[in-house]
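Participant: Have a look at this one.
The values are calculated or read from the model by the stated rules, or taken from the named source; none is laboratory data. In this text the structure is predicted, and so the values were computed from the model without any measurement. No Cβ is skipped: glycine too gets one built from the backbone with ideal geometry, and neighbour counts run over all protein chains shown. Heavy atoms of the whole protein, side chains included, go into the accessibility calculation; ligands, DNA and RNA do not. Shrake-Rupley method; radii C 1.70, N 1.55, O 1.52, S 1.80 Å.
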Amino acid sequence: MRAAMILAGLLALAALAQAQERAPESMTAPEPEIVAPPPAPTDAAPRIIEAPGAAPPRRPRRVARAPQSEPSTDFPAAIAQENFAATSSYQGAEVTVFGYTPDRLRRGDVVVAVRGPPETAVVRRKFRFLAFWVNGDPVRFEDAPSFLAVYSTRPLNEIASPRAIWELRLDPAASARLVGATPADADASAYRRAFVRLRRQSGLYVEEPEGLDLDANALFHRQIKIPANAPLGEYTVEIFWFRDNRLIARQANTLNVARQGIERTIHHLATKHAFFYGILTVLLALAGGWASAVAFRKT
Amino acid sequence: MSIYLPIAEMPVSGLLVLLLSALVGFVSGLTGLGGGFIMTPMLIFMGIPAPVAVATQASQITATSVSGLMAQARRRMVDWRMGLLLSMGGVIGSTFGVSIFSTLLAAGQIDILITLLYVLFLTVIGALMLFESFMAIRTAGKPLARPLPRPSPMALDKLPFLMRFPRSGLYISVLPPLALGFGVGVLAAIMGVGGAFILAPAMIYLLRMPTNVVVGTSLLQVLIVAAVVTLLQASITQKVDLLLAAILIVGGVIGAQLGARLGARLPGEQLRAVLAVVVFGAAAKLLWDLLTPPAYLYVLDPS
C-alpha cells in the first residue's frame, strides 16, 4: 500500500520533471548542461563560526561561497503520509521521504531533517551533598526539538559549511537555545554536549550521515522512524539540496502525530475534565475491587 | 501485546504490566501489605515517568483495599469510628503531600526524595517483617505466644479531646489518630503507597488498638486516602493514566484474591522472611546508587 503510494508519487514527480525538461525556461533554478567550473581552490582557512559543540571540519576545504540568491523552494520532494494516528497499538510512525535532485548528473547532496515539536529541556549536573549524589541547578534549553533526525547522502561537514549547518539547525547542538545563566562551576558547552548525548542515548536525536542514497536517476527515498517515546504533535520535515557547499533548494512539509480513539478520549478527559476523570478512575477502582471480592466469594 | 499509554506517552507491554500487578497483588494478599511500595518502583524501572507511576498507582491501592475491606467488614473486624478519624487526618495529609509532590516536581528533586524515602521505609518494613516472622517461627505452635501490648501511662493519654471507640475498647484523645493519619497521608501522596505498613504497627503500639481490628481499620483509612489521592493527582498533576490504571486494577485485584486464598495454605512466616530479605536487598540497591558516583553526571528532567 505504502510502496504503491511512493511509486505513484515518484511517477508524478517524474512527469513533472519531463514537463520541466520540455520547458527549461520555466525552471526556477536553471541547470546548465555544461559542468560549471569548480570554484578556485584557496589556501585560506575556512571561516568557522564560533559554535559550541559543532565538530570542527576534519580537513581544509573550499571556502563556502555566500549564496548569491535565495535557495529555491521549488524542490521536487515530498512525504508519503501527513497524518499519523497514535492508537492504543501505536509503536511509532514511519515517515517516508522521497524526491529527486533536479540535476541530471547527480551532483550535490540531499539532507533530510525531521523535527519534533519544540520544547524546553532542563539539564542538571549531579553533585555530592552529604554523601548523596543529588541533582544540581537547572540549565534550560528553549526551542529544542523534542525529536530530531538528520539523514544525509554524505557526512554534513563534507556537504555544507559549518555556518550553514549551524544556521539551518542541522547540528543537534545548534537546535537548543540556552536560556539564562549557567551555574558558576561549569561552562555552557558542557551542558549542551550532555543534552545532545542524553537525547541521542534515548533515541530521540538520530543522525545518519550516509542514510540517504541517490539512485541512478538521482531519486531518493527513505523511511524515517519516529519512535514511540517521541512526543506526539506537529513535526516538520525539511529537505535540503546542497551543491558545491551551497544550499540550492529547500522544501518543508509538516506531519502530525495525534492520539486517536480511546487514547484521544482519555487524554481529553484527563486534561479538560480533570475532576470528572479523577472520579471516573476512583469509580473504576471501586468497581474492580468490589467485583473481584464478589466473584471470588462465590467460587 | 503493546499498549500505548495516553498520559505517559509511551508504549508498554500490556501482558507484562498485568502479570507484574497480579504478582504484586498476590504478595499483598499473602502478607496483608498494600504492595504499593513494590509496584511504584517497578513501574518507574519500566520507564514510566515517576509522576505518572505515583499518581496512577493510587488507583490500584484503592481497588485492592476495597476487596480486603469487604472481607474484614463481613467479619465485623473494622472500627469505623477510628477508621474515619484516621481518614480525616489522612485526607488533609495527602492534600498536603500532593502539593509537596508538585513543588518538588518543579524543583527537579522529586526522584532523590522518593528514593530516600524508599530506602528509609523499605529498611523499616524489612526489619519489621523479619522480626515478626522470626518471632512467629520461634514460637510456632504455642497459642497466644505474642503478648498483647499492655496499656501503660503515656504522654499521649494526657491530651485533650477524648473520644470513646467502643469497637476497639478505647477512650483516648482524637489528636494521635489525626496526627497518625496525617503523616501516613503525606507519605501516601509522595511515595505512591498506601501506608498500611506504617499504620498497622503504629495502631498497635501507639494507639494500643486490639490487633484483630487493626487490619480492617487500616484498610478503611488506606481506601479513603488512596481514593482521595487518585482524585487529587488527577485534578492537580493530571498524571493519572487511565489505561495503565485499568491494567493495574485488574491484575491487582485478581492477584490479591489469589494471594489471600492461598495465604492460608502456605507457610506464611517463611514467605514473610523471604520477602523481608528481598525488601532489604531493594533498599540496599537504592542506597548504593545514591552513594556511589554516577557513571554520567548529567541528567535530563522528565518532560
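Participant: With every protein chain present, what accessible area does residue A:234 have (1.4 Å probe, heavy atoms only), rounded to the nearest 10 Å²?
Facilitator: About 110 Å², rounded to the nearest 10.
Participant: Over the whole of B:285-297, what's the average partner chain Cβ count within 10 Å per residue? Rounded to a whole number, please. Can you show the working numbers first?
Facilitator: Working: counts 0, 0, 1, 0, 1, 4, 4, 1, 3, 2, 0, 5, 9.
Other-chain Cβ atoms within 10 Å of each residue's Cβ, averaged: 2.
Participant: For region B:175-274, give the percent of accessible area contributed by carbon and sulfur heavy atoms, probe 1.4 Å, rounded to a whole number. Working shown, then result.
Facilitator: Numbers: 2360 of 3210 Å².
The value for region B:175-274 is 73 percent carbon and sulfur by accessible area.
Participant: Calculate the radius of gyration of the Cα atoms of region A:56-259 to one decimal place, then report Dmax, the largest Cα-Cα distance, as a whole number, both in Å.
Facilitator: Looking at region A:56-259, its Cα Rg and Dmax stand at 18.8, 67 Å.
Participant: Something else: To the nearest 0.05, what FRET efficiency results for residue A:283 and residue B:175 with a Förster distance of 30 Å applied to their C-beta separation?
Facilitator: Numbers: r = 33 Å, r/R0 = 1.11.
Efficiency at R0 = 30 Å is approximately 0.35.
Participant: Rounded to the nearest 10 Å², what accessible area does residue A:268 have for a 1.4 Å probe in the complete protein model?
Facilitator: Its accessible surface works out to 90 Å², give or take rounding.
Participant: Of all the accessible heavy-atom surface of region A:101-182, with the other protein chains kept in place and a 1.4 Å probe, what percent is carbon and sulfur? Walk me through the numbers on the way to the answer.
Facilitator: Details: 1650 of 3170 Å².
C and S fraction of accessible area: 52 percent.
Participant: Additional query: If ligands, DNA and RNA are left out, what is the accessible area of residue A:163 with a 1.4 Å probe, given in Å² to the nearest 10?
Facilitator: Estimated to the nearest 10 Å², residue A:163 gives 100 Å².
Participant: Sorted by accessible area (1.4 Å probe), largest first, how do B:298, A:205 line up? It would help to have the intermediate numbers written out before the result.
Facilitator: Details: B:298 30, A:205 10 Å².
Result, largest first: B:298, A:205.
Participant: Separate question: Please list, in order along region A:100-116, the HN-Hα scalar couplings obtained from phi with the Karplus expression 6.51 cos²θ - 1.76 cosθ + 1.60 (θ = phi - 60°), rounded to whole Hz, x for Gly and Pro.
Facilitator: 8, 8, x, 10, 4, 8, 6, 7, x, 9, 10, 10, 10, 10, 9, 10, x
Participant: Over all pairs of distinct alpha carbons, what does the Kirkwood formula give as the hydrodynamic radius of chain B, in Å?
Facilitator: Details: mean 1/r = 0.0503 Å⁻¹.
With all distinct Cα pairs of chain B included, I get 19.9 Å.
Participant: Another question about this same structure. Counting only other chains, and only Cβ atoms inside 10 Å, what mean value do you get across the residues of A:199-207? Could you put the intermediate results ahead of the total?
Facilitator: On the way: counts 1, 0, 2, 2, 0, 1, 0, 0, 0.
Mean number of neighbouring Cβ atoms from other chains: 1.
Participant: For residue A:235, which sequence-distant residues (separation of 5 or more, or a different chain) have an amide H within less than 5 Å of its own amide H, given hydrogens modelled in the peptide plane?
Facilitator: A:255, A:256, A:257
Participant: Have a look at region B:173-283 and give its Rg and Dmax from the Cα atoms, expressed in angstrom.
Facilitator: Expressed in Å, the Cα Rg and Dmax of region B:173-283 come to 16.1, 44.
Participant: Return the residues of region B:245-264 for which accessible area with all protein chains present is lower than in the chain on its own by 30 Å² or more; set the probe to 1.4 Å and exclude ligands, DNA and RNA.
Facilitator: Residues passing the criterion (a loss of at least 30 Å², heavy atoms only) are B:249, B:253, B:257, B:261.
Participant: So, one more: Compute the accessible area per residue over region A:56-259, keeping the other protein chains in place, probe 1.4 Å, unit Å².
Facilitator: Working: 9100 Å² over 204 residues.
I get 45 Å² per residue for region A:56-259.
Participant: Other chains' Cβ within 10 Å of A:273-279 residues: what's the mean? Don't jump to the answer; show the numbers that get you there.
Facilitator: On the way: counts 1, 8, 5, 2, 7, 14, 5.
Going residue by residue through A:273-279 and averaging, the value is 6.
Participant: Can you give the accessible area buried between chains B and A, summed over both chains, with a 1.4 Å probe, in Å² to the nearest 100?
Facilitator: Working: alone 15730 and 18110 Å², together 29040 Å².
Chains B and A together bury roughly 4800 Å² of accessible area.
Participant: Give or take rounding to whole Å, what are the principal axis extents of the alpha carbon atoms in region A:159-291, in descending order?
Facilitator: On the principal axes, region A:159-291 reaches 71, 52, 23 Å in Cα extent.
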